[in-house]
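To start, the structure under review is shown below, and the notes come after it.
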Amino acid sequence: MSFFDGIAPVSFQGADSTSDLAFRHYDPDELVMGKRMEDHLRFTCAWWHSFAWPGGDPFGGQTFQRPWFKEDDLAAAKVKADAAFDLFDILGVPFFCFHDADIRPEADSFAATARNLAEMVDYIGEKMETSKTKLLWGTANLFTHRRFMSGAATNPDPDVFAWSAATVKTCMDATMKLGGQNYVLWGGREGYETLLNTDLTREAEQAGAFLSKVVEYKHKIGFKGAILIEPKPQEPTKHQYDYDVATVYGFLKRFGLENEVQVNIEQGHAILAGHSFEHELAMAASLGIFGSIDMNRNDYQSGWDTDQFPDNPREATLAYYEVLRAGGFTTGGTNFDAKLRRQSLDPIDLVAAHVGGMDVCARGLKAAAAMLSDGVLEDARAARYAGWTTPEAQAMLGQSLDQIHDAVVTADPRPEPRSGRQESLENVVSRYI
Ligand code: XUL
Ligand code: CO
């Protein structure tokens, strides 16, 4: 018997459908700018929130009662994997992703835990043989266990650095074995609580050395996927080192890794950093490090990482507009790093959450593609910068301050401010949604 018994595979039924469990916008085979929607969006289920998260919050513990919630139990981990693949089939998602800790029980030594991981990787590999769902990325959980409370790569204790490096090796091996298209590093506790006990310089050097080893190992084993860092500004530590896209880029440059590592950008993390999601996407594209997205929003009032499924067509449109302008995903995709609300106890809640999120993204993609194809924003953008297309303006970029000064004195220009037309452009976006 399946955890999702009685829930049929979800199909596209068109915009007029009144069914709770139907796609109104997500039609995997529909061509958008000449590419199938499924291949544009590359939807991904996250193992941790959908199958491992118990429904707790800072004031109360577990609310969910999943049949596989048994610690230290490989048989239960397999029941969990069976349920995961049942959900993948119901949704028709092309990808999933996982942390080591989501799929295997922890044992009492490093080696025994690694054996559990290897057994679960084999089990999942067998399930993948009869499933259309592939692995978008794997990652290591270097933040939940108490040994990581002061960081993983940036820990003051070299034994924790070693434990973390060894863990990442096993997770990269697992990702490669399952045909993963990326390997992600979110620096869960790479940051600090107080400067009074922290050596910033030393911790950055440890993080740089750690990431260099990851890149080196990728090449050593011939992993063809991308290495991605996921920025986040705070939570759990007060000062997370990978604050936002620009900060990560500075870190990569510092250690000469900017051509080796890209970013996995999460909408909720962008919001915590005081940015819009589209800003972070555009910044990554501009710096040449755009990789993948975690498409889960935060609540704008509560000010913490609420990890909710996307429900805002306008935000999705602006996000996919930047994804399309960046050339679309290559190895990346749209991961729902999203939790149910704590009171959403039933299997059907998990299905409905994904269906709604996928549909909002599909709607956003279609609107974004139409705006891009019609050129409605790009034409206005080009007109705004038209002055820079003249040979004189281009030549100025190569001139010195005193040359420019002398030219200004001679030509006596009188620059006139021109409207940025923001409201008109916002109206254009509203028209397409
Ligand atoms: C935490 C978060 C992680 C990463 C993977 O905020 O987003 O789940 O996506 O470790
Ligand atoms: Co995330």
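The values are calculated or read from the model by the stated rules, or taken from the named source; none is laboratory data. Owing to the predicted nature of the structure, the values given are computational and were not obtained by experimental measurement. Cβ: placed from backbone, ideal geometry, glycine included. Neighbour counts: every protein chain shown. Heavy atoms of the whole protein, side chains included, go into the accessibility calculation; ligands, DNA and RNA do not. Shrake-Rupley method; radii C 1.70, N 1.55, O 1.52, S 1.80 Å.
Quick notes on this one:
- The GNM of the chain, with springs linking C-alpha atoms under 10 angstrom apart, assigns the highest mean-square fluctuation among 276, 11, 109 to 109.
- Along the stretch 393-405 the Karplus relation, 6.51 cos²θ - 1.76 cosθ + 1.60 evaluated at θ = phi - 60°, assigns HN-Hα couplings of 5, 5, 5, 4, 4, x, 9, 8, 4, 6, 5, 5, 4 Hz to successive residues, with x for each Gly and Pro.
- Among 299, 406, 307, the residue with the largest mean-square fluctuation in a Gaussian network model of the chain, with springs joining Cα atoms closer than 10 Å, is 406.
- When the convex hull of its Cα atoms is projected in every direction, mean area for the stretch 389-432 (nm²): 4.9
- Residue (of 239, 92, 112) at the positive-pole extreme of the stretch 31-374, dipole from beta-carbon charges: 92
- Per-residue ³J(HN,Hα) for the stretch 185-201, Karplus 6.51 cos²θ - 1.76 cosθ + 1.60, θ = phi - 60°, Hz, x for Gly and Pro: 10, 9, x, x, 10, 7, x, 8, 9, 9, 5, 4, 10, 10, 9, 4, 5
- Distance between the C-alpha centres of the stretch 1-50 and the stretch 328-395: 17 Å, rounded to the whole angstrom.
- For residue 239, the amide hydrogen comes within under 5 Å of the amide hydrogens of 192, counting only partners 5 or more places away or on other chains and with H modelled in the peptide plane.
- In order along the stretch 311-325, the phi-based Karplus estimate (6.51 cos²θ - 1.76 cosθ + 1.60, θ = phi - 60°) of 3J(HN,Hα) comes to 9, 10, x, 5, 4, 5, 4, 5, 5, 5, 4, 5, 4, 5, 5 Hz; Gly and Pro are listed as x.
- Beta bridges assigned by DSSP with both partners in the chain are antiparallel in approximately 15 percent of cases.
- Among beta bridges identified by DSSP and lying wholly in the stretch 1-156, the antiparallel ones come to about 25 percent.
- Estimated 222 nm signal from helices in the chain, with DSSP H stretches of n ≥ 4 weighted -39500 (n - 2.57), rounded to 500: -14000 deg cm²/dmol
- D (Stokes-Einstein, µm²/s), Kirkwood Cα radius, the stretch 207-354, 1.306 mPa s at 10 °C: 98
- Computed over Cα pairs, the Kirkwood radius of the stretch 98-237 leads via Stokes-Einstein (0.692 mPa s, 37 °C) to a diffusion coefficient of 209 µm² per second.
- Radius of gyration, Dmax [the stretch 1-142; alpha carbons; angstrom]: 17.1, 55
- Of 212, 150, 419, the one that fluctuates the most in a GNM where the chain has Cα springs shorter than 10 Å: 419
- Within the stretch 172-313, DSSP assigns beta bridges of which about 20% are antiparallel (rounded to the nearest 5).
- Which of 286, 188, 256, positive extreme of dipole for the stretch 169-286 (C-beta unit charges): 256
- Residue range of the chain that is longest and free of trypsin sites (Lys or Arg not before Pro) which are both DSSP loop and sparsely packed (at most 14 other C-beta within 10 Å): 239-340
- Percent of C-alpha pairs per 20 Å bin, the chain, short to long: 24, 54, 19, 3, 0
- Nearest-20 debye value, the chain charge dipole, Cβ charges on Lys, Arg, Asp, Glu: 420
- Nonlocal amide H pairs with residue 32, under 5 Å, H built at 1.01 Å: 37
- For the stretch 147-181 versus the stretch 251-327, the gap between their alpha-carbon centres in whole angstrom: 24
- Amide H partners (placed H, <5 Å) of residue 185, local residues excluded: 228, 229, 230
- Semi-axis lengths, Å, the stretch 9-70, gyration tensor of Cα atoms, sqrt of 5 times eigenvalues: 34, 15, 10
- In the context of the full set of protein chains, the chain has a per residue accessible area of 48 Å² (1.4 Å probe).
- Restraint check, 177/232; 339/366; 134/224; 80/169; 78/177, Cα-Cα greater than 22 Å: 177/232; 339/366; 80/169
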